[in-house]
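Q: Handing you this structure, nothing more for now.
The values are calculated or read from the model by the stated rules, or taken from the named source; none is laboratory data. No experiment lies behind these values; they were computed from the predicted model shown. Here Cβ is always computed from backbone atoms with ideal geometry, including for glycine, and neighbour counts include all displayed protein chains. What goes into the accessible areas is simple: the full protein's heavy atoms, side chains included, and nothing from ligands, DNA or RNA. Shrake-Rupley method; radii C 1.70, N 1.55, O 1.52, S 1.80 Å.
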Amino acid sequence: MTADRPNPDFTTIAYTFFNEIAIIDQLGRNRFERVLPDGLSIAGFSLLNHFVRLNKTQDTPSHLAKAFQVTKGAMTNTIHRLEALGLVTISADPSDGRGKLVSITEAGRAARHDAIARLAPSLQQLAGLIDQQELEALVPTLMKLRAILDANREPDPQS
């Protein structure tokens, strides 16, 4: 801080922090969209990544919509696009006659892996532009923040 500038309050710091994350998200999404396999969107990749990251094989569309904080219609659209590509399957939920279960396929796992592999050269371009240790030091704080925000989600106005 310089002597002529007052210390910012928490709201100002938090706003600046989240604003920077939003800009980084936009730039990163653009970089990723350019290398995704044909037919796979960021939303589709995110759903496949959700299954793999959490080591899940299946979930309900309703639970997935809540996890991604999107409408059921938006999630259904993403699921149907992935199903058309053979990356997920939809089946009846044996515990709920009207419910459905979405399951990731082996092709879905492979598509997720392929998408990450396609992104690697683009990320490698950053290697000389930002220090690896500096970047690595940010990860635990970002993970902590994600966990805090996830545990303290705003209530869904549609529920």
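Q: If the Cβ limit is 7 Å and pairs must be 6+ apart or interchain, which residue in the stretch 102-122 that is touching a residue at least 40 places away in the same chain (Cβ under 8 Å) pairs with which residue that is open to solvent by 20 Å² or more (accessible area, probe 1.4 Å) and among the small types (Gly, Ala, Ser)?
A: Close Cβ pairs satisfying both conditions: Ser103/Ser91.
Q: Now for a different question. Specify the residue that is surrounded by the most Cβ atoms within 10 Å (Cβ to Cβ); the eligible residues are those in the stretch 58-104 that are closer than 24 Å to Asp38 by Cα and of a type in the set (Ser, Thr, Tyr).
A: Thr78
Q: Let me ask something else. Quick check on Ile23: is it surrounded by fewer than 12 Cβ atoms within 10 Å (Cβ to Cβ), at pLDDT below 95 and in a helix (DSSP H, G or I)?
A: Here the answer is no, as Ile23 does not meet what is asked.
Q: Of all residues in the stretch 42-57, which are surrounded by 15 or more Cβ atoms within 10 Å (Cβ to Cβ) and within 22 Å of Asp96 (Cα to Cα)?
A: Within the stretch 42-57, Phe51 is the sole residue that qualifies.
Q: Any idea which of (1) at pLDDT 95 or above; (2) on the phi > 0 side of the Ramachandran plot; (3) within 19 Å of the chain's Cα centre (by Cα) is the one Gly86 doesn't satisfy?
A: Only one criterion in (1) at pLDDT 95 or above; (2) on the phi > 0 side of the Ramachandran plot; (3) within 19 Å of the chain's Cα centre (by Cα) is unmet by Gly86, namely (3).
Q: Next question. Checking the structure you have, find out if any residue of the stretch 124-137 is under 23 Å from Asp25 (Cβ atoms), surrounded by fewer than 13 Cβ atoms within 10 Å (Cβ to Cβ), without any contact (Cβ under 8 Å) to a residue 24 or more places away in the chain and within 17 Å of the chain's Cα centre (by Cα).
A: No, there is no match, as no residue in the stretch 124-137 is under 23 Å from Asp25 (Cβ atoms), surrounded by fewer than 13 Cβ atoms within 10 Å (Cβ to Cβ), without any contact (Cβ under 8 Å) to a residue 24 or more places away in the chain and within 17 Å of the chain's Cα centre (by Cα).
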